[in-house]
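Here's the structure, in structure tokens; my notes come after.
Computed from the coordinates by the stated procedures, all read-outs in this text should not be read as laboratory data. Only a predicted model underlies this, so the values are computations on that prediction, with no experimental measurement involved. Note that each Cβ is placed from the backbone with ideal geometry, even for glycine, and that neighbours are counted across all protein chains shown.
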Amino acid sequence: MSRSARCTGVFGDGKHDFLLTIGALEELQEKCDAGPEEIWNRVLTGSWRVADIREPIRLGLIGAGMEPIKALVLVERYAREGMLSGLKPLVASIIGAALVGAPDEDAPAPGKRRGRSRTPSPAAS
């Protein structure tokens with residue numbers, strides 16, 4: 001089973017989907033002059049740059065299907081001075097989903113239990 005890089009988060013005017021495709025990750029590298037994991041680490045450690053916050057959001061919105069101009073308008077409105085530090089958890093989730101998969105994928109399906117079955121195998125009898 002492959003993992004999805006799509007995640008959902010609250011940004012600006014509501015809840016949005018984010019997806020960093022390979023092409024978006026390549027563009028992110030160019031915009032931030034760093035690889036995705038380096039950007040992720042900068043965000044997590046507090047040594048981020050402005051583009052490290054704004055670009056994953058913009059590119060993630062576009063990757064999830066938003067029109068590029070609408071994504072740019074949202075980023076210009078809600079990812080600006082005085083708001084950037086509060087966006088670190090969202091950005092870490094967007095980049096993290098691209099690198100290791102979305103965290104909610106690990107949740108068991110409704111009605112399903114995770115882990116080993118309590119029913120003994122036929123060989124154990």
* Asked: Is it true that some residue in the stretch 45-53 is in contact with a Leu (Cβ under 9 Å, 6 or more places away or on another chain), of a type in the set (K, R) and surrounded by fewer than 21 Cβ atoms within 10 Å (Cβ to Cβ)?
  -> no
* How about the stretch 7-17: which of its residues are more than 13 Å from L99 (Cα to Cα), outside any loop (DSSP other than H, G, I, E, B) and of a type outside the set (D, E, K, R)? -> T8, G9, V10, F11, G14, H16
* Does any residue of the stretch 63-77 turn out to be surrounded by 17 or more Cβ atoms within 10 Å (Cβ to Cβ), free of Cβ contacts under 8 Å to residues at least 40 places away in the same chain and touching a helix residue (DSSP H, G or I) at 6+ places or on another chain (Cβ under 9 Å)? -> yes
* Structure fact -> By residue number, the members of the stretch 19-48 that are within 22 Å of V73 (Cβ to Cβ) and not in a helix (DSSP H, G or I) are L19, L20, T21
* Structure fact -> If we ask which residues in the stretch 26-62 are small (G, A, S) and closer than 17 Å to G14 by Cα, their number turns out to be 1
